[in-house]
Amino acid sequence: MLKLIDIGIDNALAIQLSGKITESDMSMVLSAAKEKIERYGSIVILEKFDSFEGIEIAAIAEEFKYLFEVGMSNISKVAILTDKTWIERIVSIEDKIFKSVEMKCFSLEEQADAVEFLKGP
């Protein structure tokens, strides 16, 4: 399940991830991302992993379709809140691949720090 949350930053797409992510979850979030990009030009993303149990293949396909159509150039920063070391490793790899996007992991208790990171230059 993906749930949009408010973190007090207008151009932020903030998502709480729990359970299994479905294609409809992904479509809802990607639609919100498109709307924010159209409105603000550039967005920042906060992903909060609570009890993540996986993702449907159709949801992954939906995300790839979005990345092919829209790309990553409108995303400036990504903050990930997690207590899972395997997610931190994936973010470390993604940070090297997507050099134009600044990515950083935070513990679940560090949400205020993650929000400050997204607000910064």
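Here are a few things to note about the model shown:
- Filtered by the rule that a residue be under 10 Å from the mean Cα position of the chain (by Cα) and either charged (D, E, K, R) or on the phi > 0 side of the Ramachandran plot (or both), the stretch 1-56 gives 47, 48.
- Among residues of the stretch 74-105 being under 13 Å from the mean Cα position of the chain (by Cα) and under 17 Å from residue 18 (Cβ atoms), the one that is surrounded by the most Cβ atoms within 10 Å (Cβ to Cβ) is 81.
- Long-range neighbours under 8 Å by Cβ, at least six apart or interchain, first residue surrounded by 17 or more Cβ atoms within 10 Å (Cβ to Cβ) within the stretch 26-47, second charged (D, E, K, R) and assigned to a helix (DSSP H, G or I): 26/62; 26/63; 27/62; 30/62; 30/63; 43/36
- Residue match in the stretch 95-105 (condition: basic (Lys, Arg), free of Cβ contacts under 8 Å to residues at least 40 places away in the same chain and not in a helix (DSSP H, G or I)): yes
Throughout, read-outs are computed from the coordinates displayed, never taken from laboratory work. Source: prediction; values computed, not measured. Reconstructed Cβ throughout: ideal geometry from the backbone, glycine too, with neighbour counts over all protein chains shown.
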